[in-house]
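The values are calculated or read from the model by the stated rules, or taken from the named source; none is laboratory data. For clarity, every value in this text was computed on a predicted model and none was experimentally measured. Counting neighbours? That spans all protein chains shown, and the Cβs are built from the backbone with ideal geometry, glycine included. With ligands, DNA and RNA removed, areas are computed over all heavy atoms of the protein, side chains included. Shrake-Rupley method; radii C 1.70, N 1.55, O 1.52, S 1.80 Å.
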Amino acid sequence: MKNTFLSFIVVALVIFSGCHQPEKKENPQTLKQALAQQFYMGTALNSAQIKGVDTSSVKVIQQQFNSIVAENCMKSEVIHPEQDRYDFSLADQFVDFGVANQMFVIGHTLIWHSQVPDWFFKDDEGNEVSKEVLIARMRDHIYTIVGRYKGKVNGWDVVNEAFNDDGTWRESKFYNTIGEEYMALAFQFAHEADPEAELYYNDYSMVKPAKIKAVTALVKSLKEKGLRIDAVGMQAHYSMNFPDVKTFEESLLQLAQSGVNVMITELDISVLPSPYEMQGADIANRFEYTEAMDPYKNGLSDSMSVAFTNRYLDFFNVLLKHNDKVSRVTVWGVNDAQSWRNYWPIKGRTDYPLLFDRGNGKKAVVDEIIKAANDKKDIR
Ligand code: G3I
C-alpha cells in the first residue's frame, strides 16, 4: 500500500513537472541560424566594415551572416595596381575577419573586364601585349592571390561577366587577346593554386534565355575539359518588376540542370523606377538624375514597404523550395545607405534595396524570411 502510494506520488510529480516545464523548442532568431540547414547566408563587405570602423554594421554581420564576400577590395585595380606590386592590406583584413568569425569566405573576383588596371594589357612601350604575355600575367595574378589565401578563402568568383545578354562572348581585352581559351585557363590556374577551393562563374541577367544557354554550355565545356567548377552565380540585382518570380525559378532550375550548384551572389532589390527598360548590372550604363526618378528621398511609403517585403519573400520562397540546388544566398551589402544602387544607374538617389535600414535596423522582411525558413524546417 505504501509502495503504491509512493509510486502515485512519483508519477504525479513527473506529470506535474512535465506540464510546467515543457521542452523548450525555440525557433532561431537570426538569418544565419534559421537558414543554417538550407544554404549559406552571406553579405558583401565594404572597406569601412573590413577595417572595423563601421562597428554597427560589423555587429549585424556577425549576428546575421555566415558567409562574406569582398565587395571591392579583391578587384584587380585594388589588389594588383601595378605589375610588380600587390596591395593586400584590405584583402588580408577581410579574410582574417571571415576566418576569425568562422565564415564561408568568398573571393571576388579574379578575372573581370572591369576595374582592371591598364598595365595588365600593355607593355613598357604602351603597346598591347601578346596572347602569351597576357596568359602569363593572368597566371601570376591568379596564382599569387589564390595562393596567398589558400585554405582561408573557401570559394572564388573566377570569372565575372564574360557574356553579353545575347549569349555572345563579351569582347573584353582578355577575350580579344587570348580568345575563348582565357576562361578555361582562369579556372585551371585557380584550381592549381588551391585545389580545395570552390570555383564559380558569376554573371548578371542570368534569367535571360540566351545567357543561360551560354553559361550552361560553358559549364559543360569546362567539365568536359576535366576542370573544376562548383557553382554558377546569379548576381540578382533586381527591381520590383524585374524579373518575374516564375522566370527566376525556371532560370535557377535550368542553370542547376548543368550539374552545378546555383548561388545567388549579389542580391539587392531596388524600389526605384528604372530608366527605360534597363535590367542588367552593367556599370557602364548611367542616366541623368531627375526628381521624378527619386520618389522616396524622404522615406519609403508604407505600401512600397509592404510590396518590398513581399517581393523579397517571393524570391526566398523559391530559394527555400529548391534548397537542394542552392548553396549560398548573398546580399550585396548590409544596409541601404551603403548600396551601390544609390548611385547606379542614376547618381544621388535614395534607394532601399537591402535587408537592414540606414540605421542598421532590421526590416520587417528579415523576420518574415526567418519565419519562412523555420516553417520549412518544421515540414521536414
Ligand atoms: O574608394 C574610392 C574612393 O576613394 C573615392 O573617393 C570614391 C569616389 O567616387 O570612389 C571610391 O571607389 C568606388 C568604389 O565602388 C568604392 O565605393 C568606385 O568609384 C566605384 O566604381 C566602386 O563601385 C563598385 C563597382 O562594383 C565597381 O567596382 C561598387 O561599390 C560595387 O558594389 C560594384 O559591384 C559589382 C560587382 O563587383 C560585380 N557585379 C555588379 C556589381 C555592381 O556593379
Pairs where the first residue, in segment 53-72, is open to solvent by 30 Å² or more (accessible area, probe 1.4 Å) and the second is of a type in the set (V, I, T) and at pLDDT 95 or above, C-beta under 8 Å, 6+ apart
Q63/T30; N72/V78
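Residues are listed down the side, and each one gets a yes or a no for (1) away from the ligand (no atom under 16 Å from the Cβ); (2) under 22 Å from G233 (Cβ atoms):
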{"residue": "A70", "(1), (2)": "no, yes"}
{"residue": "K75", "(1), (2)": "no, yes"}
{"residue": "F88", "(1), (2)": "yes, no"}
{"residue": "D96", "(1), (2)": "yes, no"}
{"residue": "L110", "(1), (2)": "no, yes"}
{"residue": "H113", "(1), (2)": "no, yes"}
{"residue": "D118", "(1), (2)": "no, no"}
{"residue": "F121", "(1), (2)": "yes, no"}
{"residue": "G126", "(1), (2)": "yes, no"}
Among the candidates Y182, Y204, which residue alone is surrounded by 21 or more Cβ atoms within 10 Å (Cβ to Cβ), of a type in the set (S, T, Y), over 22 Å from V271 (Cα atoms) and touching a helix residue (DSSP H, G or I) at 6+ places or on another chain (Cβ under 9 Å)?
Y182
Buried (at least 19 other Cβ atoms within 10 Å of the Cβ), within 12 Å of the ligand (Cβ to nearest atom) and either part of a loop (DSSP other than H, G, I, E, B) or of a type in the set (A, V, I, L, M) (or both): does that describe L319?
no
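Is there a residue being closer than 17 Å to S239 by Cβ, part of a loop (DSSP other than H, G, I, E, B) and within 16 Å of the ligand (Cβ to nearest atom) anywhere in segment 294-303? Before you say what the answer is, go through the steps one by one.
Looking only at segment 294-303, we keep the residues that are closer than 17 Å to S239 by Cβ, and these are 294-296, 300-301, 303.
With part of a loop (DSSP other than H, G, I, E, B) added as a condition, the list becomes 294-296, 300-301.
Narrowing the set further to residues that are within 16 Å of the ligand (Cβ to nearest atom) leaves none.
Scanning segment 294-303, I find no residue that is closer than 17 Å to S239 by Cβ, part of a loop (DSSP other than H, G, I, E, B) and within 16 Å of the ligand (Cβ to nearest atom), so the answer is no.
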Output the residues belonging to segment 228-266 that are within 16 Å of the ligand (Cβ to nearest atom) and touching a helix residue (DSSP H, G or I) at 6+ places or on another chain (Cβ under 6 Å).
V232
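Kindly provide the set of residues from segment 329-378 that are among the hydrophobic types (A, V, I, L, M, F, W, C) and assigned to a loop (DSSP other than H, G, I, E, B), ordered by number. Talk me through it step by step, then tell me what you get.
Pass one, segment 329-378, residues among the hydrophobic types (A, V, I, L, M, F, W, C): 329, 331-332, 334, 337, 340, 344, 346, 354-356, 364-366, 369-370, 372-373.
Residues satisfying the conditions are W332, V334, W344, L354, L355.
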When every residue in segment 40-67 that is more than 14 Å from the ligand (Cβ to nearest atom) and among the β-branched types (V, I, T) is compared, the one nearest to Q235 (Cα to Cα) is I61
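Hey, can you tell me all the residues within segment 118-128 that are in contact (Cβ under 8 Å) with a residue 12 or more places away in the chain and open to solvent by 20 Å² or more (accessible area, probe 1.4 Å)? Quick ask: steps written out before the conclusion?
Filtering segment 118-128 for residues in contact (Cβ under 8 Å) with a residue 12 or more places away in the chain gives 119-121, 128.
Scanning segment 118-128 gives W119, E128.
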Conditions first: (1) acidic (D, E); (2) over 27 Å from D314 (Cβ atoms); (3) open to solvent by less than 50 Å² (accessible area, probe 1.4 Å). E224 passes all but one, so which condition is the exception?
(3)
Mind listing just one residue for me: the one in segment 341-355 that is touching a strand residue (DSSP E or B) at 6+ places or on another chain (Cβ under 8 Å) and within 12 Å of the ligand (Cβ to nearest atom) and, of those, farthest from R311 (Cα to Cα)?
P345
Among (1) within 14 Å of the ligand (Cβ to nearest atom); (2) touching a residue at least 12 places away in the same chain (Cβ under 8 Å); (3) charged (D, E, K, R), there is one condition R137 misses while meeting the rest; what is its number?
(1)
Go through segment 145-172 and count every residue that is surrounded by 15 or more Cβ atoms within 10 Å (Cβ to Cβ), away from the ligand (no atom under 16 Å from the Cβ) and of a type in the set (S, T, Y).
1
